[in-house]
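The values are calculated or read from the model by the stated rules, or taken from the named source; none is laboratory data. Here the structure is a predicted model, which means the values were calculated and not measured. Cβ sites come from the backbone with ideal geometry, for glycine too, and all protein chains shown count toward neighbours. For the accessible areas, the whole protein counts, side chains as well, though only heavy atoms, and no ligand, DNA or RNA atoms are used. Shrake-Rupley method; radii C 1.70, N 1.55, O 1.52, S 1.80 Å.
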Amino acid sequence: EKGGYEHFMLKEIFEQPRSIRDCMRGRIYPEEGKVQLGGIKDYTEKFKNADRIIIVACGTSWHAGLVGEYLIEEYARIPVEVEYASEFRYRNPIISEKDIVIAISQSGETADTMAAIELAKERGATIFGVCNVVGASIPRLTHAGVYTHAGPEIGVASTKAFTAQVTVLTLMAFYMAQTKGTITQSKLISLLIELEKIPDLIERTLLSNDYILGIAEKFKDSRNALFLGRGSGFPVALEGALKLKEISYIHAEGYPAAEMKHGPIALIDEEMPVVVIATKTSSYEKVISNIQEVKARKGVVIAIVTEGDTEVKNMADYVIEIPHADEAFLPLLATIPLQLLSYHIAVLRGCNVDQPRNLAKSVTVE
Ligand code: F6R
């Protein structure tokens, strides 16, 4: 059942080229520059007229929501707010019939996310679901939605469900951009051609598995770790930190790289591994300065870089390369090595990676 892998988590990490292909199947037509999402096609006008979108979710699904915020604002130019479902539901939030709420949940059973949906529905918002489990409670509560089709996820730590959520949100952002006319047809064509190749690039990224195991051996006894990123690399950093803490029990924090100087930089010494998303994006130069700040305080830098990078390589203690891709697809690629790093560190520490202590796969209590 584990398909020859030692754990479900590793199997599910390696399944991602396939799960993302499944998620995109029948939904993108690159040559025509077309995104087709059957589940939400009756709501085109709603998206066209939306003043804002509120995304509600918990945990890893909330991180996917943050990636969605970058993509929807960048391409569809609709303001997005991303809320923890548990905070949103108890805050007497301001919502009206004009609002669109997107609820993201792998299991489709998360109690706080369900309550957030019910509240928004009562106040007249239109609710879309992004769920993995077909026919679960959340898809039944929403007006419409888009399934992630990642297949069953057994490992408690979300891996392939996260990248499928990000894929769906990418498709939704492109779909909204297309209906609103905020993207040119030629730009959409080139993005979709690239998106279609992302599963192959993930396959290539997975080839670093043994190399990442080598890095994990160096950091298995760490007590803390920092994860830094900018732009859509920031939610990737948050997700990397969550993966590490939940399965290896190492204390880890994700931060926007520029926030470091406002506090967390005080933590840095030669004992502190700092994982930095330092790929060639619009924030590359800024991230390089942040790496210099860490190195000046003797922090140990593990950088995720674009293939062929030389500048970061000269400064970082360890680098993990990922293939070059449009900035829109960075989260899909940069997440993979972080999943593998957490997995190997947890296994080396003798942790039960598929069933970490105190955690449940679906959180049906608030
Ligand atoms: C972390 C993880 C959790 C879930 C969260 C929400 O790896 O799996 O943080 O993401 O409990 O669950 P869903 O997506 O089922 O609503």
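Close amide H pairs (under 5 Å, H built 1.01 Å from N) link Ile322 with Val305, Thr306, Glu307, residues at least 5 positions away or on another chain. When every Cα-Cα distance of the stretch 253-366 is counted in 5 angstrom steps from zero, the calculated P(r) takes the values 2, 10, 19, 19, 17, 14, 10, 6, 2, 0 percent.
In a DSSP loop and with at most 16 other Cβ atoms within 10 Å, the trypsin sites (Lys or Arg not before Pro) in the stretch 36-108 are Arg52, Arg77, Arg91, Lys98.
Quick check on the chain: helices-only [θ] at 222 nm, where DSSP H runs of length 4 and up contribute -39,500 (n - 2.57) each and the sum goes over total residues. Nearest 500, please.
On the way: 13 runs with 158 residues, N = 366.
Rounded to the nearest 500, it is -13500 deg cm²/dmol.
Kirkwood radius for the stretch 116-188, taken over all pairs of different Cα atoms as the inverse mean of 1/r, rounds to 13.9 Å.
Taken over the stretch 76-151, the convex hull of the Cα atoms encloses 92 Å³ per residue.
For the stretch 163-196, the residues whose amide N sits under 12 Å from a probe point set 7 Å from the Cα of Lys48 along the beta carbon direction are 179-181. Using a cut-off of under 16 Å, list every residue of the stretch 123-154 whose amide N is near the label point 7 Å from the Cα of Glu97 along the Cα-to-beta-carbon line. Of the residues in the stretch 123-154, 123-127 have backbone N under 16 Å from the label point off Glu97.
Percent of Cα pairs in the chain per distance bin of 10 Å, from zero to the largest separation: 5, 26, 34, 25, 9, 1.
For the stretch 231-289, the fraction of alpha-carbon pairs lying more than 18 Å apart is 36 percent, rounded to a whole number. For the stretch 1-109, just say rounded, prolate or oblate: build the C-alpha gyration tensor, square-root its eigenvalues into a ≥ b ≥ c, call rounded for a/c under 1.5, and beyond that prolate if a/b exceeds b/c, oblate if not. Taking the square roots of the gyration eigenvalues as a ≥ b ≥ c, the stretch 1-109 is oblate.
For a quick check of your reading of the filter: which GluC sites (Glu not before Pro) in the stretch 228-273 sit in a DSSP loop and have no more than 15 other Cβ atoms within 10 Å? Display every interim value, and only then the final one.
Numbers: sites: Glu239, Glu246, Glu253, Glu259, Glu270, Glu271; in loops: Glu270, Glu271.
Answer by residue number: Glu270, Glu271.
Starting from the Cα gyration tensor of the stretch 150-222, take the square roots of the eigenvalues, sort them a ≥ b ≥ c, and report rounded, prolate or oblate (rounded when a/c is under 1.5, otherwise prolate if a/b is larger than b/c, else oblate). It is prolate, given that a/c is not under 1.5 and a/b is the larger ratio.
Please give the per residue accessible area of the stretch 1-101, computed with a probe of 1.4 Å over protein heavy atoms only, in Å². Spell out each step's value before the answer.
Numbers: 4790 Å² over 101 residues.
With all protein chains present, the stretch 1-101 gives 47 Å² per residue.
A crude spin-label estimate for the pair Asp317 and Glu196, with each label 7 Å from Cα along the Cβ direction, gives 4.4 nm. Note that the stretch 60-206 carries a Kirkwood radius of 16.0 Å, evaluated over its alpha carbons pair by pair.
Find how much the distance from Lys34 to Leu267 grows on full extension, using 0.36 nm per residue of separation minus their present alpha carbon separation; answer in nm with one decimal. Intermediate values should be presented prior to the final figure.
Numbers: separation 233, 0.36 × 233 = 83.88 nm, distance 4.77 nm.
Between Lys34 and Leu267, full extension yields an extra 79.1 nm.
Any lysines with Cα under 29 Å of the Lys34 Cα? List them, leaving off those in the same chain fewer than 8 positions away. Cα-Cα hits under 29 Å: Lys46, Lys48, Lys98, Lys160, Lys180, Lys187, Lys197, Lys280. The Rg/Rh ratio of the stretch 168-266, with Rg taken over Cα atoms and Rh as the Kirkwood radius over Cα pairs, comes to 1.10.
List the chymotrypsin sites (Phe, Trp or Tyr not before Pro) within the stretch 292-366 that fall in a DSSP loop (any state other than H, G, I, E or B) and whose Cβ has at most 12 other Cβ atoms within 10 Å. Of the chymotrypsin sites (Phe, Trp or Tyr not before Pro), not one in the loops of the stretch 292-366 has a Cβ with at most 12 other Cβ atoms within 10 Å.
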